[in-house]
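Please read through the structure below; I'll follow up with questions.
The values are calculated or read from the model by the stated rules, or taken from the named source; none is laboratory data. Source: prediction; values computed, not measured. Positions of Cβ are backbone-derived with ideal geometry, glycine not excepted, and every protein chain shown enters the neighbour counts.
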Amino acid sequence: MSDIDDLFENLGFGKMQYIISFCCFTLQLWITNEQLGFGVVVAGATCELHIDDERLAWLMAGNFAAQMISCYVWGELSDAYGRRKIILSAATTANCLSILSACMPEYWSFLAVRTMAGLFISGAVVCVMTYLGEFTKITLRPTVLNFMSYAIGISLIYVPSLAGGLLPLEIEPRPWRILLLSNQLPGIIGLTMLIFLPESPKYYLSVSEQEKALKVMERVCRMNKGKDVTLVSMGVSSLSQLRMRNKADNQRRWHDIKVLFARHGKIMLSFLFVVFSLSGLAFSLPFWMLRIRVLTAHEKEPQTMCDLLDGKSKEGGNRMVHKCHLDFDEMLDPIIHGCVVLSLFIVTSFLLIFLNRRMVIFVYIFIPILGSFALNFSKHPTLILISFFALMDPPMCSIRLCLSLLIDLVPTHLRGKAIALTVMMGRCGVLSASLYVGYTLRYNCYVTFNLFIVMLIICGILVYFLPEEYRMRSIAQ
């Protein structure tokens with residue numbers, strides 16, 4: 001009986017993994033379009049749908065609350081029915097609902113459909129990394145999953161670039177609706193590819209489907225090594241993996257949660273808080289950065305960001321006045337942001353050659369502490385922009401590294417649940433941060449950003465006490 005990870009090591013990273021990687025890359029591109037690129041869509045829809053700061057906060061909160069609520073359900077279903085099947089069903093539904101949301105005539109129907117889409121897009125969020133990770137040998141897993149994250153940077157360049165050309169146009173349907181429809185194209189491509197790809201063999205082994213697992217690995221073998229090479233020729237007649245689920249526990253799903261926290265409680269609790277905090281910074285602040293930069297554009301007198309916002313709030317009375325017609329100039333900051341994110345993911349790939357993941361995460365927590373502190377006194381628009389990037393982008397990169405550690409740490413039959421719970425807490429962080437910023441930014445801007453420093457310091461302490469990476473690999477599968 002051959003261990004499946006040893007077999008993946010022998011088969012290497014070949015044609016099958018490249019195809020799966022490209023499929024997951026396009027799906028990640030679509031997911032980012034839906035989550036971060038959606039901020040550009042909202043900026044274009046602000047006046048037509050009458051979206052003020054509170055409405056923006058609830059629009060974000062509704063979508064991410066739906067993701068938070070449904071994350072664990074999708075993780076449970078992915079462990080029971082397979083990663084591929086859940087991605088196909090959940091992402092297809094989310095794609096259709098997003099297309100439908102582009103047709104909504106007013107804010108409340110738009111909010112309702114976007115919230116429904118959030119219930120299903122979390123299925124893809126939970127499963128895409130797990131699906132790719134289970135086809136990748138352990139030694140390459142951090143690098144491959146980080147490479148997939150390049151899609152985040154590309155999305156953050158692609159969406160505002162397209163918006164810069166569309167939003168100034170006076171056409172019907174409105175340009176923001178066309179932009180929202182365009183954001184769905186990568187998802188359609190990825191889902192079409194996924195139809196022809198196999199289920200994770202590790203999932204099949206976790207549910208005692210030995211023959212199906214062998215059939216998938218035979219396909220991987222022939223694609224990677226050539227048609228003349230078979231599992232039999234490599235001396236493989238059956239497969240196994242470490243830490244399999246006991247048959248007696250197959251029908252005791254809540255038992256899995258008990259086992260997960262009993263055996264991996266300290267690690268899980270650390271990751272839950274860290275991902276909660278980092279996700280709040282990484283996925284809620286880009287919405288506010290664009291909104292703040294558009295709001296304070298063309299100011300001649302150098303002021304700190306908080307002084308500018310305070311002045312704008314007083315000028316607009318109880319509500320701040322927002323620009324309705326955006327042009328390419330307003331999209332330059334988001335495009336630069338995308339370039340910074342993509343560059344940072346590329347830098348991460350190089351850092352992983354020399355440093356372990358825990359140390360890279362620690363560095364990426366220290367940088368946003370400096371960025372948040374700098375927002376207190378930076379007056380030059382470029383320095384404010386750099387401070388925002390320092391606060392948002394390193395957490396975005398470190399979240400993927402945290403999840404890759406978690407994939408290595410937990411057994412296959414608990415992996416979907418562990419990722420789902422962590423992603424759920426991340427979405428809770430986005431929801432909390434979006435409401436927190438929406439309701440405090442106009443009243444006490446300095447408190448808004450300095451509280452993030454405290455949370456980041458706690459994250460740094462938790463990451464510092466994570467196990468060394470060699471210990472992770474020693475129990476990985």
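Could you tell me which numbered condition S233 fails, if it satisfies all but one of (1) crowded, with 20+ Cβ neighbours inside 10 Å; (2) without any contact (Cβ under 8 Å) to a residue 40 or more places away in the chain; (3) not aliphatic (A, V, I, L, M)?
S233 satisfies every listed condition except (1).
Here's something else I'd like to know. Just checking, which of S70, S109, S98, S2 is in contact (Cβ under 8 Å) with a residue 12 or more places away in the chain and out of contact with any helix residue (DSSP H, G or I) (no Cβ under 6 Å at 6 or more places or on another chain)?
That would be S2, the only listed residue that is in contact (Cβ under 8 Å) with a residue 12 or more places away in the chain and out of contact with any helix residue (DSSP H, G or I) (no Cβ under 6 Å at 6 or more places or on another chain).
Being among the small types (G, A, S) and either buried (at least 24 other Cβ atoms within 10 Å of the Cβ) or over 30 Å from T139 (Cβ atoms) (or both) is the filter here, so list the residues in segment 4-54 that pass it.
Correct list: G37, G39, A43, G44, A45.
Mind counting the residues in segment 379-437 that are among the acidic types (D, E) and either closer than 23 Å to T130 by Cβ or not in a helix (DSSP H, G or I) (or both)?
1
When residues of segment 128-150 are filtered for being farther than 21 Å from M223 by Cα, crowded, with 24+ Cβ neighbours inside 10 Å and modelled with pLDDT of 90 or more, how many remain?
1
Right, here's the next one. Among the residues of segment 433-440, is there at least one that is among the polar types (S, T, N, Q), without any contact (Cβ under 8 Å) to a residue 24 or more places away in the chain and surrounded by fewer than 24 Cβ atoms within 10 Å (Cβ to Cβ)?
For segment 433-440, residues among the polar types (S, T, N, Q), without any contact (Cβ under 8 Å) to a residue 24 or more places away in the chain and surrounded by fewer than 24 Cβ atoms within 10 Å (Cβ to Cβ): present.
Please state which of the following conditions A248 fails to meet, knowing it meets all the rest: (1) among the small types (G, A, S); (2) modelled with pLDDT under 65; (3) closer than 25 Å to D52 by Cα.
In the conditions (1) among the small types (G, A, S); (2) modelled with pLDDT under 65; (3) closer than 25 Å to D52 by Cα, A248 misses (3) alone.
Let me ask you something else. With respect to E48, determine if the residue is acidic (D, E), in contact with a Phe, Trp or Tyr (Cβ under 9 Å, 6 or more places away or on another chain) and touching a residue at least 24 places away in the same chain (Cβ under 8 Å). It would help to see each step written out before you state the result.
Numbers: acidic (D, E): yes; in contact with a Phe, Trp or Tyr (Cβ under 9 Å, 6 or more places away or on another chain): yes; touching a residue at least 24 places away in the same chain (Cβ under 8 Å): yes.
Yes, satisfied.
Applying the selection to segment 55-83, what residues are more than 24 Å from T440 (Cβ to Cβ), surrounded by 24 or more Cβ atoms within 10 Å (Cβ to Cβ) and not charged (D, E, K, R)?
Listed by number, the residues that qualify are C71, W74, G75, S78.
Something else about it: What about A80, is it modelled with pLDDT under 90, out of contact with any strand residue (DSSP E or B) (no Cβ under 6 Å at 6 or more places or on another chain), in a helix (DSSP H, G or I) and among the small types (G, A, S)? Break it down into steps so the answer makes sense when it comes.
Numbers: modelled with pLDDT under 90: yes; out of contact with any strand residue (DSSP E or B) (no Cβ under 6 Å at 6 or more places or on another chain): yes; in a helix (DSSP H, G or I): yes; among the small types (G, A, S): yes.
Criteria met by A80.
Cβ-Cβ distance below 7 Å, separation of 6 or more or different chains: which pairs start in segment 443-460 with a residue that is touching a residue at least 60 places away in the same chain (Cβ under 8 Å) and end on one that is acidic (D, E)?
Pairs that qualify, where the first residue is touching a residue at least 60 places away in the same chain (Cβ under 8 Å) and the partner is acidic (D, E), are C445/D310.
Under 7 Å between Cβ atoms, which residue pairs at least 6 apart in sequence (or on different chains) link something in segment 6-28 that is closer than 24 Å to T93 by Cβ with a partner that is assigned to a helix (DSSP H, G or I) and of a type in the set (F, W, Y)?
As it stands, the answer is C24/Y131, since those pairs meet every condition given.
To continue, here is another question. Would you confirm whether or not segment 194-205 contains a residue that is without any contact (Cβ under 8 Å) to a residue 40 or more places away in the chain, among the polar types (S, T, N, Q) and closer than 18 Å to L132 by Cα?
Looking through segment 194-205, none of the residues is without any contact (Cβ under 8 Å) to a residue 40 or more places away in the chain, among the polar types (S, T, N, Q) and closer than 18 Å to L132 by Cα.
Yes/no matrix, rows are residues, columns are (1) surrounded by fewer than 17 Cβ atoms within 10 Å (Cβ to Cβ); (2) closer than 17 Å to M289 by Cβ:
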{"position": "E330", "(1), (2)": "no, yes"}
{"position": "C339", "(1), (2)": "yes, yes"}
{"position": "V360", "(1), (2)": "no, no"}
{"position": "I367", "(1), (2)": "no, yes"}
{"position": "L375", "(1), (2)": "no, yes"}
{"position": "T382", "(1), (2)": "yes, yes"}
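Now a separate question. What are the residue pairs meeting all of these: first residue in segment 141-155, first residue part of a helix (DSSP H, G or I), second residue among the basic types (K, R), Cβ atoms under 7 Å, and 6 or more apart or on different chains?
P142/R357; L145/R400; N146/R400
When segment 334-357 is examined, which residues are found to be more than 19 Å from the chain's Cα centre (by Cα) and assigned to a helix (DSSP H, G or I)?
I336, F350, L351, L352, I353, F354
Now a separate question. Which residues, counting only those in segment 99-120, are of a type in the set (G, A, S) and in a helix (DSSP H, G or I)?
Start the filter on segment 99-120 by keeping residues that are of a type in the set (G, A, S), which leaves 101-102, 109, 112, 117-118.
Correct list: S101, S109, A112, A117, G118.
Just for segment 25-58: of the residues that are among the hydroxyl-bearing types (S, T, Y) and part of a helix (DSSP H, G or I), which one is modelled with the highest pLDDT?
Among residues in segment 25-58 that are among the hydroxyl-bearing types (S, T, Y) and part of a helix (DSSP H, G or I), the one modelled with the highest pLDDT is T26.
For residues that are farther than 25 Å from I335 by Cα and at pLDDT 85 or above, tally how many sit in segment 276-321.
Matching residues across segment 276-321 total 1.
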